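First up is the structure itself, then whatever we jot down about it.
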Amino acid sequence: MNQTIATDNPFRVEEQDIMRELAGLIVPDSPDYAVPGADDELIFADILHSALANEHEIKSGIEYAIGLDCPLSEAITELEGRPEVAAFVSLVMQCYYRDDRVMESLGMEPRPPFPEGFEVEEGDWSMLEPVQRRGKIWRDA
Amino acid sequence: MGEAVNFEPADVLIIGAGASGATAAWNLAETKMRIVCLEQGDWTNPSEYPSSGRDWETRAQSDFSINPNRRAQPGDYPVNDADSPIKIANFNGVGGGTVLYAGHYPRFHPSDFRVKTLDGVGDDWPIDYATLEPFYAENDRITGVSGLSGDPAYPSKQSLMPPLPMGKSGQTLARGFNDLGWHWWPSDSAIATQPYAGRDKCINLGACLHGCAQGAKASTDITYWPEAIRAGVELRTWCRVKKIEVDDAGMASGVVYFDADGDEQFQPAHVVIMACNGVGTPRILLNSTSERFPDGIANTSGLVGKNLMLHPYASIQGIFEDELDGYRGPHDSIWSQEFYETGEDRDFLRGFTYEFVRGRGAVATALTGVHSGRIPWGAGHHAAYRRLFNRIAGMVSICEDLPEEHNTVTLDPHLTDVHGIPAPKMTYTISENSQKMLDFSIDRASEALRAAGALDLIVESPIAGGGWHLMGTARMGTDPARSVVNEWGRSHDVRNLFVVDGSVFVTSAGVNPTRTIQTLALYISDQIKKRLTNLFD
């Protein structure tokens with residue numbers, strides 16, 4: 001849950017609006033995959049809260065986007081791949097792909113790895129037969 | 001109130017509680033000497049490792065990052081790595097780098113100790129594989145190694161536990177190697193595949209690089225340290241060493257350190273053992289200046305901090321049609337040493353290991369895709385993401401790095417840690433031989449991945465953040481003019497000062513060094529035990 005109260009957040013309202021719009025442009029919702037966009041209320045709350053850990057870089061990227069002086073929907077091709085917004089893009093990915101609904105749409109259980117862990121098939125060790133047949137490859141010294 | 005600190009002279013003072021310090025402490029404990037270990041970090045609680053939380057992939061980039069400059073935790077010190085294309089990776093705390101390593105646990109080969117004789121480059125070690133073999137076996141027993149006996153890339157060695165599962169990823173890649181007639185084998189791993197010495201078995205968390213919450217991965221905080229402490233070793237955390245002092249006879253008299261309160265203390269000792277890795281050890285040695293040793297202690301040869309070796313890595317990943325293991329399972333699965341020994345038909349000397357990479361997490365997949373341009377912003381994002389999710393597998397090539405004196409650890413003239421102690425500066429370039437090896441490894445891996453069915457490839461060379469292996473900066477040898485410590489780890493200059501970490505490596509081999517670092521720590525501490533009556537002669 002987001003523990004940040006509005007007055008503690010260092011991002012101005014204008015910056016928050018840009019962050020949310022940009023997040024939704026990077027990862028829009030998809031009815032086909034039944035997933036929300038990154039501007040979804042819960043996901044964006046996570047983004048806003050998590051941005052505090054990397055405030056300077058995120059702020060710098062958002063200021064860059066604001067500085068383009070045109071609607072984000074038009075600036076999006078110019079922004080994509082720009083190093084100035086790389087930290088913000090990383091933040092969006094980190095928060096988006098740990099959302100319950102997104103994880104479930106990918107066939108994942110919405111839980112951390114520990115303590116349940118995961119199943120991995122053992123594999124067919126008879127595949128080693130040609131390697132064994134070839135014999136020693138290390139060098140005498 | 002905590003227990004009062006005992007500042008009576010220690011018989012043995014070990015600096016650093018990581019892979020080598022823990023091993024040496026355990027081995028010396030049976031002597032009943034008073035052994036004290038100073039560690040600049042603290043214990044880590046496994047229940048707080050990232051894999052216990054939903055944000056585990058985010059924490060892998062922050063408080064559990066492999067890069068101390070990014071992690072910036074209280075136990076860390078900054079490292080200036082601006083003059084190196086490969087950035088520092090380490091962990092400062094009880095267990096050291098073993099807390100964050102993958103658990104890849106190969107041995108060196110016999111040829112790795114005879115590089116000069118066999119290939120005319122680097123130097124030969126003053127010891128050989130046969131000398132270390134019993135210490136490898138002892139370390140394997142304490143650590144608990146999984147794998148499969150009979151690897152044709154090695155002399156015979158016993159496996160203590162069954163190998164980690166191959167999984168879909170391992171089988172897919174193995175098919176490619178079989179098609180080309182190339183070697184592959186289950187990796188030796190410091191990961192328990194069945195209950196072992198009080199540790200539970202691996203449950204495929206997939207987050208080995210950020211601490212194993214299950215306790216299946218053998219980090220020394222849960223292997224050597226509990227036994228060493230039960231045997232009477234004192235481990236003092238939050239103690240950052242500033243310098244080693246010397247007496248009028250030129251012997252180490254003890255160390256000056258900052259304690260948890262930031263107060264400067266002096267711990268006298270009869271023997272000092274350095275176990276701070278290939279960057280931390282030369283940092284302290286170079287900081288330990290005195291009238292007798294104006295260029296740093298143990299540095300008459302001028303070689304402290306020189307010959308830094310890092311193991312340049314390339315990452316070569318394939319994108320496959322079918323779903324593979326993805327986020328499930330440990331990083332380790334199988335390896336290949338097809339190109340390990342020098343080949344006459346190649347334009348470089350020595351060789352490398354391929355370590356297969358099982359897959360990556362959901363966030364890492366997104367970051368890989370977005371930052372490489374494979375996953376677009378906007379409407380195409382979701383379909384493109386799903387073409388990568390659980391469909392990336394491949395390998396890294398770990399290339400033997402040869403010693404070169406211009407690759408160095410020095411003291412930064414400006415940067416310091418929180419206590420004002422000068423920080424280390426890495427100056428490193430990738431040699432022509434290493435670059436050719438990297439390029440060759442990418443070409444051959446690409447062939448293997450295509451043979452395995454990869455549709456596309458993702459290549460990173462060198463892995464910029466991959467300075468995990470820090471070696472060579474206090475090298476071992478019999479000639480005091482060409483080495484820092486002798487053939488059993490004792491400083492040529494200071495007869496009660498020893499080094500047991502990767503700094504003593506003469507050459508780097510083309511494998512992860514931890515198993516050999518710990519084996520050397522056992523070997524050197526065994527030499528100390530055997531020579532107790534005439535240790536300083």
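Among residues belonging to the range B:340-363 that are of a type outside the set (Val, Ile, Thr) and open to solvent by 20 Å² or more (accessible area, probe 1.4 Å), point out the one that is farthest from the other protein chains (Cβ to nearest Cβ). Break it down into steps so the answer makes sense when it comes.
If we filter the range B:340-363 for residues that are of a type outside the set (Val, Ile, Thr), which is where we start, we get B:340-341, B:343-352, B:354-356, B:358-362.
Next cut, open to solvent by 20 Å² or more (accessible area, probe 1.4 Å) only: B:341, B:344-347, B:349, B:360.
Working: B:Glu341: 5, B:Glu344: 12, B:Asp345: 15, B:Arg346: 14, B:Asp347: 19, B:Leu349: 13, B:Arg360: 11 Å.
In this case the residue turns out to be B:Asp347.
Quick one: which helices (runs of 4 or more DSSP H) lie wholly within the range B:48-127 and hold at least 2 residues that are within 30 Å of A:Leu91 (Cβ to Cβ) and facing another protein chain (nearest Cβ under 10 Å)?
Working: elements: B:56-59, B:68-71, B:115-119.
Hits in the range B:48-127: B:56-59.
Return yes or no: is A:Leu91 assigned to a helix (DSSP H, G or I), aliphatic (A, V, I, L, M), within 31 Å of the chain's Cα centre (by Cα) and modelled with pLDDT of 95 or more? So A:Leu91 fits the description; yes. Under the condition of being within 23 Å of B:Gly215 (Cα to Cα) and either crowded, with 23+ Cβ neighbours inside 10 Å or touching a Pro at 6+ places or on another chain (Cβ under 9 Å) (or both), which residue from the range B:141-161 is farthest from the other protein chains (Cβ to nearest Cβ)? So, considering only residues that are within 23 Å of B:Gly215 (Cα to Cα) and either crowded, with 23+ Cβ neighbours inside 10 Å or touching a Pro at 6+ places or on another chain (Cβ under 9 Å) (or both), the one farthest from the other protein chains (Cβ to nearest Cβ) is B:Thr143.
If you go through the range B:478-531, how many residues are part of a strand (DSSP E or B) and open to solvent by less than 20 Å² (accessible area, probe 1.4 Å)? Give the steps one after another, and end with the answer.
Step one: list which residues in the range B:478-531 are part of a strand (DSSP E or B), which gives B:485, B:490-491, B:497-499.
When the remaining residues are screened for being open to solvent by less than 20 Å² (accessible area, probe 1.4 Å), the result is B:485, B:491, B:497-499.
Of the residues in the range B:478-531, 5 are part of a strand (DSSP E or B) and open to solvent by less than 20 Å² (accessible area, probe 1.4 Å).
With respect to being open to solvent by less than 50 Å² (accessible area, probe 1.4 Å), modelled with pLDDT of 95 or more, within 14 Å of chain A (Cβ to nearest Cβ) and farther than 30 Å from B:Gly206 by Cα, B:Val36 falls outside the description. Residue count for the range B:200-218, restricted to those that are open to solvent by less than 20 Å² (accessible area, probe 1.4 Å) and farther than 15 Å from B:Ser52 by Cα: 2. In this structure, B:Ala448 qualifies as open to solvent by less than 40 Å² (accessible area, probe 1.4 Å), in contact with a helix residue (DSSP H, G or I) (Cβ under 8 Å, 6 or more places away or on another chain) and assigned to a helix (DSSP H, G or I). Restricting the range A:25-35 to residues that are at the interface with another protein chain (Cβ under 9 Å from one of its Cβ atoms) and aliphatic (A, V, I, L, M), the residue that is surrounded by the most Cβ atoms within 10 Å (Cβ to Cβ) is A:Val27. I'd like to check something: does the range B:483-505 contain any residue that is at positive phi and touching a residue at least 40 places away in the same chain (Cβ under 8 Å)? No: the range B:483-505 contains no residue that is at positive phi and touching a residue at least 40 places away in the same chain (Cβ under 8 Å).
Residue-wise test of (1) among the aromatic types (Phe, Trp, Tyr); (2) crowded, with 18+ Cβ neighbours inside 10 Å; (3) not in a loop (DSSP other than H, G, I, E, B).
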site: A:Pro10; (1), (2), (3): no, no, no
site: A:Gln16; (1), (2), (3): no, no, yes
site: A:Ala23; (1), (2), (3): no, yes, yes
site: A:Leu48; (1), (2), (3): no, yes, yes
site: A:Glu55; (1), (2), (3): no, no, yes
site: A:Ile62; (1), (2), (3): no, yes, yes
site: A:Ala86; (1), (2), (3): no, no, yes
site: A:Cys95; (1), (2), (3): no, yes, yes
site: A:Met108; (1), (2), (3): no, yes, no
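Checked against (1) touching a strand residue (DSSP E or B) at 6+ places or on another chain (Cβ under 6 Å); (2) open to solvent by 70 Å² or more (accessible area, probe 1.4 Å), A:Val102 meets all criteria but (2). Taking each residue of the range A:84-102 that is at the interface with chain B (Cβ under 7 Å from one of its Cβ atoms) and under 19 Å from B:Ala60 (Cβ atoms) and looking for partners that are among the hydroxyl-bearing types (Ser, Thr, Tyr) and assigned to a helix (DSSP H, G or I) with beta-carbon atoms closer than 6 Å, six or more apart or interchain, yields A:Gln94/B:Thr58. Please enumerate the residues belonging to the range B:364-373 that are within 17 Å of A:Ile76 (Cα to Cα) and open to solvent by less than 30 Å² (accessible area, probe 1.4 Å). The one that is within 17 Å of A:Ile76 (Cα to Cα) and open to solvent by less than 30 Å² (accessible area, probe 1.4 Å): B:Val370. Among the residues of the range B:188-201, those identified as on the phi < 0 side of the Ramachandran plot and out of contact with any Leu (no Cβ under 7 Å at 6 or more places or on another chain) are B:Asp188, B:Ala190, B:Ala192, B:Gln194, B:Pro195, B:Tyr196, B:Arg199, B:Asp200, B:Lys201. In the range B:177-199, the qualifying residues are those that are part of a loop (DSSP other than H, G, I, E, B) and open to solvent by 70 Å² or more (accessible area, probe 1.4 Å), and the one that is nearest to B:Tyr354 (Cα to Cα) is B:Gln194.
State whether the residues of the range B:374-388 include one that is on the phi > 0 side of the Ramachandran plot and open to solvent by less than 20 Å² (accessible area, probe 1.4 Å). Checked the range B:374-388: at least one residue is on the phi > 0 side of the Ramachandran plot and open to solvent by less than 20 Å² (accessible area, probe 1.4 Å).
The values are calculated or read from the model by the stated rules, or taken from the named source; none is laboratory data. Keep in mind it's a predicted model, so treat the numbers as computed, not measured. Glycine gets a Cβ as well: all are built from the backbone with ideal geometry, and neighbour counts include every protein chain shown. For accessibility, only protein heavy atoms count, side chains too; no ligands or nucleic acids. Shrake-Rupley method; radii C 1.70, N 1.55, O 1.52, S 1.80 Å.
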